[in-house]
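First up is the structure itself, then whatever we jot down about it.
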Amino acid sequence: MTIRNRYRTATLLSAFCTLTFVSPSFAGFTENDNGVYLFQKEGGAERLFIDLGTEDNPTINFDASIDGPGYNNAHDVVLYPNLDGNGNEDDGSWLAIESGTATINYASRINLTDISGSLKAFSNPNQSFNHDDNLTFTFADNSLLNIFSTGTSHGIYTRGTATLKNMAGDLTVIADQAYGISAARAQYDNFTGNITVEGTKAIGMNGRIVLGEAVEYDDGYPVGPYAGEFNGSITAKGRDATGIWGSVISNIDFDANIFALSDNDDGMALGIRSTYLAFNENLGGKIIAKRLVKGYNNFEHGAIGIAYGLYYSPYKFHVKGDVSSYIEATSFSGNAIGIYSTDNVRIDGDVTGTIKAEIYNGNNSAYGIYSQSINIGGDISGDIIANARYIEDEYNDRNTIALYANDSFGIQIGGGISGNISVQQKNYDKDNNGTKTYAMYTENGGIKIGGNGITGAINVISNNSETAAIKADNYIHDDDTVNNDNSIQIAQINSQINVISGIDSSYNANAYGMKAEQGTIQIGSIGEDAQINVIGRGVNPDYNDEPEYEKPYIYGNHVYGLITGEPDDSSGSPDQNIVITDTFAGQINVTGTRNIAAIKSANNIDINNFAEPASINVTTEFADYGSSQLGIYGLVAAHQINIDQFSGDINIQGRFTPIDEVPNLDFIRPHGTAVQAMSDINIGSFNESATIGGDLHTGILSHGKLTITNDFAGKVFVGVTQDENGNELIMQPFYARGIAGYQGTAFNTFTDSAIIKVSGDQYAWGISGGIGLTITDGMHGTIDVTANNRAYGVMARTINANNITGTIKASSIDQNGQSAAITTQFINGNGDWESQFDGNDFVNLNTGANIIGDIRLAGENLVENTYGDILKLTGAGSFNHDLYGVDSLFVVADTPDQTWQLNLASEALTDDTQRNHVDRAIVHKGFLHINENFSADYLSLTGNAGLTLNVTEPTTEYILTLSEGASLNGTLRLNLDEDFSANEGDIVSLIWTTDPFTGSGFTSVENTIINESLGFNIHQEGAAVLGKVALLGDANLDGLVDASDLNIIAVNFNKSPQSFNQQWNTGDFNGDNIVDALDLNVIAINFGKTADELLELITIPEPTSLFLLSSLLIPLSRRRRTA
């Protein structure tokens, strides 16, 4: 073995592997009786070089008794330049082991200063890498080694293996380039101490690093389990500061605190920089990298001005356990990245700690995790933070992103997110076009969040960049071997997701809750506690001094809760869907200026259960009033919208400015559509708790078919809202639509709880069926439509509406306005009613139906031998407006005594309008009550049917004129006006037809008594039914009520007339289809006796007695004709 110092080389004699110094105090080291080298304070400042030769494993001890009065109570050692034989400085080592294995036990406190420029305190300077050259170290708990030099210095340096059995003391290296421990391979069994390095370049640990001591070995290869601790501290300070540089394999929990601090305007700070990181247990402790001085900006990885928490390239980063670390990267200029990889980040367990990236200035970005792909098997229960504050400068295309992946495998979080993800970008009112602020972002792949989904908070705030909580750009690869699963998949959401863009800014800003460019957004459920809140706004600074209502607020602003495709996409691929597979019970709240929606899909929107108390709230604060294409929606899809159960609320606040701030009503017109699809909308049930309302102009609009399979039981309010005191406020958008399906609308049942209330200016309708409206089981609720000009309650080119028992109201406010409650016509540009479709309509009004407004059924009947446009009246009710285009009127009451009354408002017309004129009126059961404004070509009454005619005065004009005949059966009922007055002999013309009557005639005629002395003799004369005013009791119509009339009664007593023509002539004066005592009662006053007296006279059974009775009655006074 050879020992060299600065001046000479001494040869050690060896025998049986025992080393003996020639001079016991040489170079500050002595050998004790056991062949162990001890460092002595009394030794000189010489350096020691040990050439082990064929010998191995000397032990060198630094005793705990070595300390001193120097800095940190340490013994001061000053080393001078060590020259080789040629006068050049050698390797600069204090203690150098040429080759082989040595053990160094260090318990001292020493300040080591090298004035030569470079120093390696302990080294193996072999120029070739040999892992068999092993330096084994122990640093005692209270030990301290401070190294000061002006060159490049290392605490420990070896090209072989450095094994730290126990690193519990403090190691400090302050030099131009300072390294704590540099080893080709470093094995750390226990690290509980502190390493501090300061210099222009400062690295705490460098090399291939393995943490933990194997308890078991197989053929000399460690197989674990592993023991040990790694919970010390590493601090690197300087221009370029790195805590750990090299590959790291950690077989034990990593709990160290690593600080990398760059204080130079041309520097960088790296917590861990590695080509390979494998944490086989948990990753804890603190890893902090800070670049604290503003300097140069460079976006290239590893270049000047980049601060990272964990930096590794080009291989993988893998944690098999949990990540409980506090990881922070802060930079005043240049990138700040918490965890960075050019490959994959894989964490098998949970992320329970904090990952934070923050920048304060410069043309650079902040990322919490930046990688090709991110795979977290467990839950993110900690915090991931990315902040950017551009204090002075305007920069473009910079990013602030918590989780970023640029590979097709995207981001996968198996256990969900129960912690917090916070992202904030602040540019202090600077133009920052092209910047991006996201919580999670993939360029090419998908984003999957499984487990419990999102139960923590996601907050993303930006004053002037594109801002999103979750975004997948999903640029599709041409390579089929690449995984192109580019969807966003979330198991469930049960917390708040907040996205704010454009706050306190004068510049354009887009905001998205979630956005998938090419794929699907699929969410299992959105719970009751979940909120997706998105706010985006900004104003053109050129108009800052203008009144609010005159500012052209940001142009092209896009704000969406959930969106697939681009905002301007009118159609997308079959993969660009938004799907909520289970229950949506939470909230989506969106506030913007224009081009805003809670959910917007480039293809379909599929929601299984939009459940109570779910709500969608979309608010526009300001807008460009000159534009009609404002794009304000609750749900909008380029293809279909499918919702099985619709029980929640959609509220659109589309009114831009408070009323008291605008000079013109046009500025406050509501805009916005609650639900719109460019193809079909399919809703299973629109339940009673569902409400659509606010300041909007359209409730539900399908450019295809609108189908509600089961019940429509909820409420839709359009152009009608409430003020701050809860009072109804009519807003009147230019055109207002309740619900509409341009290619057809179909309901099963519109229940009694259902309400559609619409108020508009020029156009308004409650339900539009487009080419066709079908109501299968019934319409029992309320439709209330008001407009200044044109109002339609229910509108379609063809209508098939069964069992209407509710209210349909349409009213026009303007004096010259037009309206219809039920219509297949619309008003054209000339102000005329027009039909665009020929087909047969069917409308069924049932008991309870309250139709306020006209019914217009139009279109030519193209099918021969059919009934054309049908109005069917069932049960009982009344209609007080006008009918247009009804070909066939059917009355089918539930019971024969029920009545449908048609109090038609206008005179009948037989022209193309068919106002109050029908081709045929067929009454199967119950009464049809009509006034003089009703006309028909043909009338049919069955035996259980009845016809009620209003009789106001004697007239020769027929109340009902039939051009094609009638089949008369059942009952004719007269409804006398309370002021009706007539004289004996007056005629009331009731029914006339050009063809003879068919049928058996009326079986009875009711209400034929005018007053106590007069009645109607209802009879048929040819093709007419007339009512002649006659004396009650004057059966033979001779102008007298005498014994001959009584004889007629006696002959027919208790009998029914064979036809209504015989009623009066057989004594049935009250028209109840039987001659009985009631008829005697009505003629008594005209006969001069009471009904009982008359009854006694006619009850003698024998004909001869009846003859005698007649003789006895001859002297009786006779009543003259009376008026």
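Structure values in brief
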item	result
Selection within the stretch 443-467 - under 21 Å from I376 (Cα atoms) and either more than 21 Å from the chain's Cα centre (by Cα) or among the small types (G, A, S) (or both)	E443, N444, G445, G446, G450, G451, G453, G456, A457
Flag if V319 is at pLDDT 90 or above and touching a Phe, Trp or Tyr at 6+ places or on another chain (Cβ under 8 Å)	yes
Strands (runs of 3 or more DSSP E) wholly inside the stretch 63-177 that include at least 2 residues being closer than 24 Å to T192 by Cα and at pLDDT 85 or above	102-106, 109-114, 119-124, 134-139, 144-149, 152-167, 170-174
Residue match in the stretch 513-530 (condition: assigned to a loop (DSSP other than H, G, I, E, B) and either more than 25 Å from D379 (Cα to Cα) or modelled with pLDDT under 85 (or both))	yes
Any hit, the stretch 870-880, residues being assigned to a loop (DSSP other than H, G, I, E, B) and under 30 Å from D814 (Cβ atoms)	yes
Those residues of the stretch 783-801 which are over 19 Å from T749 (Cβ atoms) and hydrophobic (A, V, I, L, M, F, W, C), in sequence order	V785, A787, A791, M795
Residues satisfying the stated conditions in the stretch 749-767, i.e. in a strand (DSSP E or B) and either surrounded by fewer than 24 Cβ atoms within 10 Å (Cβ to Cβ) or touching a residue at least 60 places away in the same chain (Cβ under 8 Å) (or both)	T749, I755, K757, G760, Y763
Identity of the residue in the stretch 1041-1079, part of a helix (DSSP H, G or I) and hydroxyl-bearing (S, T, Y), that ends up farthest from G1001 (Cα to Cα)	S1044
Given (1) under 17 Å from L883 (Cα atoms); (2) among the hydroxyl-bearing types (S, T, Y); (3) surrounded by fewer than 20 Cβ atoms within 10 Å (Cβ to Cβ), index of the condition S935 fails	(3)
Residues located in the stretch 881-892, provided they are more than 45 Å from the chain's Cα centre (by Cα) and either at pLDDT 95 or above or in a strand (DSSP E or B) (or both)	S888, L889, F890, V891, V892
Given (1) in contact (Cβ under 8 Å) with a residue 60 or more places away in the chain; (2) within 54 Å of the chain's Cα centre (by Cα), number of the condition F927 does not satisfy	(1)
Wholly enclosed strands (runs of 3 or more DSSP E) of the stretch 907-1022 bearing at least 3 residues touching a Gly at 6+ places or on another chain (Cβ under 9 Å)	917-930, 935-951, 971-976, 987-993, 1004-1006, 1014-1021
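Per-residue answers, yes or no, for (1) buried (at least 19 other Cβ atoms within 10 Å of the Cβ); (2) farther than 20 Å from K286 by Cβ; (3) not hydrophobic (A, V, I, L, M, F, W, C):
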residue: T150; (1), (2), (3): no, yes, yes
residue: A168; (1), (2), (3): yes, no, no
residue: D176; (1), (2), (3): no, yes, yes
residue: G207; (1), (2), (3): yes, yes, yes
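Yes or no, residue by residue, for (1) of a type outside the set (G, A, S); (2) crowded, with 19+ Cβ neighbours inside 10 Å; (3) within 22 Å of W900 (Cα to Cα):
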{"residue": "H924", "(1), (2), (3)": "yes, no, yes"}
{"residue": "G943", "(1), (2), (3)": "no, no, yes"}
{"residue": "G946", "(1), (2), (3)": "no, yes, yes"}
{"residue": "L949", "(1), (2), (3)": "yes, yes, yes"}
{"residue": "A966", "(1), (2), (3)": "no, yes, yes"}
{"residue": "I991", "(1), (2), (3)": "yes, yes, yes"}
{"residue": "P996", "(1), (2), (3)": "yes, no, no"}
{"residue": "G1001", "(1), (2), (3)": "no, yes, yes"}
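The values are calculated or read from the model by the stated rules, or taken from the named source; none is laboratory data. This is a predicted model, so every value here is computed, not measured. Using ideal geometry, Cβ is built from the backbone for each residue, glycine included, and neighbour counts are taken over all protein chains shown.
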